[in-house]
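Notes follow once the structure below has been shown.
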Amino acid sequence: MQVMSSTALPDAPSLVWHNSFAQLGEDFLTHLPPTPLAEVHWVSRNFTLLKDLGWPSEGLSSADALKAFSGCAIPEGAQPYASVYSGHQFGVWAGQLGDGRALSLGEVESTLGPQEIQLKGAGPTPYSRRGDGRAVLRSSIREYLCSEAMHGLGIPTTRALCLTGSPQTVYREEAETAAVVTRIAPSFVRFGHFEHFAALDQTETQRTLADHVMKEQLPECTRRAAAGEHHGNRYALLLQVVSERTAHMVAQWQAVGFCHGVMNTDNMSILGLTLDYGPFQFLDGFNPRHVCNHSDSQGRYAYHRQPQVAFWNLHCLAQALTPLIQDMELTKTVLESFKVDFAKALDHAMAGKLGLAHRELNDRLLQLMAREQVDYTLFWRRLSHAVAQGQADPLAPSWLAVRDLFLDRAAWSDWQQDYASEMQNLIQAQDLSWSEVGSQMLRHNPKYVLRNHLAEIAIRKAKSGDFSEVDVLLTLLQSPFDEHPEHDAYAQLPPDWASSIEISCSS
Ligand code: AMP
Ligand code: MG
């Protein structure tokens with residue numbers, strides 16, 4: 001089956017392969033090798049992640065590593081496969097999908113626990129349908145950078161170990177070149193995997209998958225069931241844990257101003273990780289109705305709809321798990337808990353940004369920001385600095401820098417006064433100082449996010465063979481709360497041309 005030669009990753013004996021998903025068997029996946037690309041080269045390597053994983057430092061340096069991570073050779077111990085799943089796309093049942101251009105090598109032991117390695121863009125699979133199994137350099141740079149940016153922001157996500165490229169042509173709207181992102185996650189199982197077996201009425205196969213996920217990745221389900229939660233119903237607890245993780249993830253998205261763009265159920269991780277970066281966008285000006293995906297003509301996945309969509313997607317998962325849970329009332333109870341969990345998680349995240357918990361002030365602020373489409377990231381960062389300066393004087397330079405973001409200065413001043421007096425109360429009540437609260441806020445409000453135009457500049461340079469900008473952004477986005485004063489320009493308002501960037505599903 002493995003027609004190509006295998007290669008040892010450097011120091012391969014120290015890499016311990018588990019391949020537990022592969023062992024589930026052919027109901028779940030098809031074994032096949034990647035299809036090599038011509039003249040592969042490194043685009044970027046994430047040595048920080050390599051270190052986090054505790055994998056040998058040569059793991060991203062040798063010719064063998066380049067071959068392994070570009071799909072030109074199979075590392076010793078790997079058993080490459082594509083998995084099958086289905087899903088709802090844009091609210092409609094899409095039937096069978098599957099890894100059409102992602103190939104998993106298996107799971108490797110790491111200091112972060114077993115991690116599945118997946119090559120995105122490594123060639124066609126039985127699930128490619130009419131696709132070519134490839135990914136273009138443009139969208140691969142976006143996924144590579146954004147997954148690490150999300151991690152830097154503390155938001156659960158799949159990660160990216162490296163990015164390789166090839167001059168081989170891939171046709172989208174125009175001729176582009178191919179790339180492979182090496183993605184890492186404890187598991188890439190999606191809601192759609194469960195929907196797949198439910199649609200086929202294969203309850204026992206689905207049970208095998210649910211048991212696998214709970215044993216390998218979500219042991220808290222069994223623990224909580226054993227403690228008597230949900231009458232000890234393990235499958236209800238699976239839904240519960242996925243719901244809790246999804247609520248937490250989407251609350252973080254909302255707080256940081258992240259739009260996913262394609263929240264189809266096949267792009268929803270069972271571990272509550274941000275997964276499948278396509279036409280995502282970090283908001284520039286705050287517009288809750290913003291639709292980042294140019295192909296989403298109905299605005300189904302607009303920023304403000306993301307929590308509702310997550311809830312809808314969880315209903316699809318619940319429906320799929322019905323034969324395992326076998327208790328409609330319990331299922332409804334679990335689903336309802338999402339609303340409470342999400343609201344709590346969002347309140348908590350927004351209180352971190354604001355420096356105090358106050359829903360009314362928060363809502364009033366967001367309404368004002370929406371009315372003026374104030375730059376979302378800049379606003380929060382400037383507010384944090386103003387508080388950190390340690391004074392409530394609205395005419396101090398750091399407060400004027402916040403006011404400059406608003407046209408309606410009277411409305412801003414009203415809000416600022418109320419905020420300052422709430423802050424003063426908090427500081428007195430808790431024996432804090434303005435600068436202490438401000439320093440905390442600076443840990444919640446990033447200076448750097450992957451704005452579309454920043455990715456676009458890196459892509460343009462990379463297309464001409466200069467990958468340096470990808471590495472600059474990678475470093476910056478991995479610690480987005482730090483000042484990096486030499487890179488101030490990356491934290492400014494977007495240029496006018498940024499609003500004309502159109503990102504679609506084409507990738
Ligand atoms: P996405 O919209 O990227 O989540 O993809 C939806 C489905 O289409 C998944 O099953 C992908 O694997 C598949 N797919 C997307 N692009 C390609 C491609 N170029 N070749 C093969 N399959 C693809
Ligand atoms: Mg997808």
**Asked** Mind checking the dipole of region 17-165: about its Cα centre, +1 per Lys or Arg Cβ, -1 per Asp or Glu Cβ, Debye to the nearest 20?
**Response** 580
**Prompt:** What accessible surface, in Å², does a 1.4 Å probe find on Val16, ignoring ligands, DNA and RNA and rounding to the nearest 10?
**Reply:** 70
**Item:** Accessible heavy-atom area order of His453, His231, highest first, probe of 1.4 Å
**Value:** His231, His453
**Message:** On a 29 Å Cα-Cα criterion, which of the cross-link pairs Lys67/Lys447; Lys215/Lys332; Lys215/Lys447; Lys51/Lys120; Lys120/Lys215; Lys51/Lys447 come out too long?
**Reply:** Lys67/Lys447; Lys215/Lys447
**Item:** Euclidean distance between Cα centres, region 51-92 to region 324-356, Å
**Value:** 34
**Request:** For region 70-76, just list the computed ³J(HN,Hα) in residue order, Karplus coefficients 6.51, -1.76 and 1.60, θ = phi - 60°, integers in Hz, with x standing in for Gly and Pro.
**Result:** 9, x, 9, 7, 9, x, 4
**Fill in**
Taking Cα pairs closer than 8 Å and at least 6 residues apart, the relative contact order of region 203-346 in percent is 28
**Asked** Which net charge results when you count Lys and Arg as +1 and Asp and Glu as -1 among the other residues whose beta-carbon is under 10 Å from that of Tyr81?
**Response** -2
**Message:** Which cysteines in the chain lack any other cysteine whose Cβ sits under 4.7 Å from their own Cβ?
**Reply:** Cys72, Cys146, Cys162, Cys221, Cys316, Cys505
**Request:** Take the alpha carbon gyration tensor of region 268-373, find the square roots of its eigenvalues, order them as a ≥ b ≥ c, and report rounded if a/c is under 1.5; if not, report prolate when a/b exceeds b/c, else oblate.
**Result:** oblate
**Message:** For Cα pairs less than 8 Å apart in space and 6+ apart in sequence, what is the mean separation divided by the residue count of region 356-442, i.e. the relative contact order in percent?
**Reply:** 40
**Request:** Grab the Cα-Cα distance for Gln440 and Asp482, subtract it from 0.36 nm times how many residues apart they are, and report the gain in nm with one decimal.
**Result:** 13.9 nm
**Message:** Nearest 5 percent is fine: what portion of the DSSP beta bridges confined to the chain is antiparallel?
**Reply:** 90
**Prompt:** Check Val170: other-chain or 5+ apart residues with amide H under 5 Å from its amide H, H built from backbone geometry?
**Reply:** Glu176, Thr177, Ala178
**Prompt:** Taking square-rooted eigenvalues a ≥ b ≥ c of the alpha carbon gyration tensor, is region 356-442 rounded, prolate or oblate, where a/c under 1.5 means rounded and, failing that, a/b exceeding b/c means prolate?
**Reply:** prolate
**Prompt:** Assuming R0 = 41 Å, what is the FRET efficiency of Ser433 and Ala498, from their Cβ-Cβ distance, to the nearest 0.05?
**Reply:** 0.65
**Item:** Cut-off 11 Å between beta-carbons: net charge of the residues surrounding Glu229, Lys and Arg +1, Asp and Glu -1
**Value:** +2
**Prompt:** Expressed in nm², what is the orientationally averaged projection area of the convex hull enclosing the Cα positions of the chain?
**Reply:** 24.1
**Item:** Placed amide H near Glu116: partners under 5 Å, 5+ positions off or other chain
**Value:** Val108, Ala185, Ser187
**Fill in**
Taking every C-alpha to C-alpha distance in region 17-144 and binning by 10 Å from 0, the per-bin percentages run 12, 39, 37, 11, 1
**Contour excess over end-to-end distance, with Cα ends at Thr35 and Arg403 and 0.36 nm allotted per residue** = 127.0 nm
**Complete:** Checking rank on 491-504, 134-147, 287-300, 151-164, with mean other Cβ inside 10 Å and highest first, the result is 134-147, 151-164, 287-300, 491-504
**Item:** Of all accessible heavy-atom area on the chain, the percent that carbon and sulfur account for (1.4 Å)
**Value:** 51
**Request:** Take the alpha carbon atoms of region 405-461, find their center, do the same for region 468-507, and report the distance between the two centers in whole angstrom.
**Result:** 19
**Prompt:** By how many nm would the segment from Gln424 to Thr222 grow when fully extended, if each residue of separation counts as 0.36 nm and the alpha-carbon distance is taken off?
**Reply:** 68.1 nm
**Distance between region 116-184 and region 208-249 - C-alpha centres, whole angstrom** = 30
**Message:** Can you give me the long-range amide H partners of Cys292? Hydrogens built in the peptide plane at 1.01 Å from N, cutoff under 5 Å, separation of 5 or more residues or another chain.
**Reply:** Tyr303
**Request:** Would you tally the net charge around Val242, using a Cβ to Cβ cut-off of less than 14 Å, leaving Val242 out, and scoring K and R as +1, D and E as -1?
**Result:** 0
**Item:** HN-Hα J in Hz across region 295-309 - Karplus 6.51, -1.76, 1.60, θ = phi - 60°, x for Gly and Pro
**Value:** 7, 8, 5, 7, x, 4, 9, 4, 3, 6, 8, 4, x, 4, 5
**Request:** Could you rank the peptides 343-352, 388-397 by their average count of other C-beta atoms within 10 Å per residue, with the highest value first?
**Result:** 343-352, 388-397
**Request:** Skip the ligands, DNA and RNA, and give the accessible area per residue of region 356-442 with a 1.4 Å probe, whole Å².
**Result:** 49
**Convex hull volume per residue for region 203-346, taking Cα atoms only, in Å³** = 111
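The values are calculated or read from the model by the stated rules, or taken from the named source; none is laboratory data. Please read these numbers as outputs of a predicted model, since none were measured by experiment. Positions of Cβ are backbone-derived with ideal geometry, glycine not excepted, and every protein chain shown enters the neighbour counts. Each accessible area value is taken on the protein alone, full model and side chains, heavy atoms only, with ligands, DNA and RNA left out. Shrake-Rupley method; radii C 1.70, N 1.55, O 1.52, S 1.80 Å.
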